[in-house]
C-alpha cells in the first residue's frame, strides 16, 4: 500500500474520485488506506460499524449497497448465523465499503501522484 494515501486527508472527491452516495462524501485517502489495511471493523470507517448509522444508511441506500455487492460477487455473501437487523446492516454496508475502498485504491494513488507531479 502506498504511503501517499496515508499522508493525505483531503476528500477524495477533490481528486475527481467518484464516491457512492452510501459512503460519506468527505472520505479521505487516509481513511481508504485504513479500510484497506484493517477493514471497517477495525474502526477505520465507523459509519459502517455503528448500528444506528449503518441502519440509517441501509434504510436510505440499501438497494444500491446490495446491488453493488451483487455486481462484485455475483451474489450476496451469507450472513453470520443469528445476525440481528442492525447486524445485517453493519455486515452488508461494511462489505460494500471495503469493496469500494479496495477498488479505488490504485485510482487514488494515481490521482495523488499526478497531483504531486503538477
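The values are calculated or read from the model by the stated rules, or taken from the named source; none is laboratory data. The shown structure was predicted, so the numbers you read here are calculated from the model rather than taken from an experiment. Cβ placement follows ideal geometry from the backbone for every residue including glycine, while neighbour counts extend to all protein chains displayed.
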Among the candidates 108, 76, 99, 112, single out the residue that is more than 24 Å from residue 56 (Cβ to Cβ), within 18 Å of the chain's Cα centre (by Cα) and surrounded by 11 or more Cβ atoms within 10 Å (Cβ to Cβ). 108
Restrict the check to region 30-44 and report whether at least one residue is in a loop (DSSP other than H, G, I, E, B), buried (at least 16 other Cβ atoms within 10 Å of the Cβ) and either over 12 Å from the mean Cα position of the chain (by Cα) or in contact (Cβ under 8 Å) with a residue 40 or more places away in the chain (or both). yes
Would you confirm whether or not region 11-26 contains a residue that is surrounded by 15 or more Cβ atoms within 10 Å (Cβ to Cβ), within 12 Å of residue 94 (Cα to Cα) and touching a residue at least 12 places away in the same chain (Cβ under 8 Å)? yes
Considering each residue of region 53-67, count those that are over 25 Å from residue 9 (Cβ atoms) and surrounded by fewer than 20 Cβ atoms within 10 Å (Cβ to Cβ), and give that number. 8
Qualifying positions in region 12-29 - under 14 Å from residue 106 (Cα atoms) and either assigned to a helix (DSSP H, G or I) or within 10 Å of the chain's Cα centre (by Cα) (or both): 12, 15, 29
Does residue 90 meet the test of being assigned to a helix (DSSP H, G or I), touching a helix residue (DSSP H, G or I) at 6+ places or on another chain (Cβ under 6 Å) and either crowded, with 19+ Cβ neighbours inside 10 Å or modelled with pLDDT of 95 or more (or both)? yes
Check region 66-78 and report whether any residue there is in contact with a helix residue (DSSP H, G or I) (Cβ under 6 Å, 6 or more places away or on another chain), closer than 18 Å to residue 20 by Cα, outside any helix (DSSP H, G or I) and touching a residue at least 12 places away in the same chain (Cβ under 8 Å). no
